[in-house]
1. Along the charge dipole of region 103-150, pointing to its positive end and built from +1/-1 on Cβ of Lys, Arg, Asp and Glu, which listed residue (140, 112, 123) has its Cα farthest out?
2. Just tell me which aspartates and glutamates come within less than 18 Å, Cα to Cα, of residue 185; anything on the same chain fewer than 8 places away is out.
3. Between residue 200 and residue 219, what is 0.36 nm times their sequence separation minus the Cα-Cα distance? Round to one decimal in nm.
4. Just to be sure I understand the model, the point goes 7 Å from the Cα along the line to the Cβ. What's the resulting residue 19 to residue 44 distance in nm?
5. Among 35, 252, 188, which one moves the most in a GNM of the chain with springs linking Cα atoms closer than 10 Å?
6. Run the helix sum for the chain: -39,500 (n - 2.57) per DSSP H stretch of 4+ residues, divided by residue count, reported at 222 nm to the nearest 500 deg cm²/dmol.
7. Evaluate E = 1/(1 + (r/R0)^6) for residue 58 and residue 31, where r is the Cβ-Cβ distance and R0 equals 35 Å; express this FRET efficiency to the nearest 0.05.
8. Could you tell me whether region 208-252 comes out rounded, prolate or oblate from its Cα gyration tensor? Rule is a ≥ b ≥ c as square roots of the eigenvalues, rounded for a/c under 1.5, then prolate if a/b exceeds b/c, otherwise oblate.
Amino acid sequence: MPEGHSVHRTAKQFQKLLLNQPLQVLSPQGRFTDAAVVSGQSLTKSEAWGKQLLLHFETAAIRVHLGIYGKWSFSKFEESPPEPTGQVRARFLTESQVVDLRGPTVCEAIDFTQIGSLFERLGPDPLRPDPRGESRERFIERVLRRKVPIGQLLMDQSVLAGVGNVYRAELLFRAGLSPFTPGNKLPAELVGAIWDDASMLMPLGVKTGLMLTRDGYLNGRPKKDDRYSVYKREGLPCRQCGTNIAIDLMQARKLYWCPKCQA
Ligand SMILES: [Zn+2]
């Protein structure tokens, strides 16, 4: 499943290629009945909050959540757009640019009130500006009042928006923290440090499209085998202490950690 950095990348692509242009919004499969609500209007803004993408038009916004299978494709064309191939749920069209969306969990029109309540429901996103540190405070507060394990809280989009399985595993390793520690047993400074670390790492993901998480490998394009400290490294020796990386299921999602460095 794409993590927040890739949703923010898509938002930027829309900003760069389609902003302030009237878009034809189409439903090739016939399943995106809200297309007509905004079709013909200009795209006024595109933004991400965690894993949610919002395309703002004049009278409403389109909300997209890719889920596990969703995918975007952007392409240019000269005379006429290519026929949609495969299961295209939504198509956004200008005179020279076509953007197709396949397989999302959510693709719907919402009004401005619904946008407000969506943003209220979501936890803070380390990729959104936080000049006064309010998002950081909100994250700390939401972690500290919960008794569930921090490994679970980092994946809870109402606590922290945008982090998925890769960043979860790597952030906890970097913090030297057991994924099983309950939120309310953590010192506020440590929770704040996790926020700061996410705020440092995730913009690198937006910039490069890669989830760069290892010191010494934060620049450039590390090989796949070098990329992570614990994610998908179960059974391999920890790069720091040599202990075998462990794997478990936490709420049906694979969890990776070093039992010694993260005791
Ligand atoms: Zn270790």
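Quick note: the coordinates plus some simple rules give every number you see, no bench work behind them. These numbers were taken from a predicted model, which means no experiment stands behind them. Glycine also receives a Cβ, built like all others from the backbone with ideal geometry; neighbour counts cover every protein chain displayed.
1. 140
2. Excluding near neighbours in sequence, the set is 137, 141, 156.
3. In short, 5.6 nm is gained.
4. With each label point 7 Å from Cα toward Cβ, the separation is 1.5 nm.
5. Residue with maximal mean-square fluctuation among 35, 252, 188: 252.
6. It comes out at -9000 deg cm²/dmol, rounded to the nearest 500.
7. Values: r = 24 Å, r/R0 = 0.68.
Approximately 0.90, to the nearest 0.05.
8. Oblate, since a/c reaches 1.5 and b/c is not below a/b.
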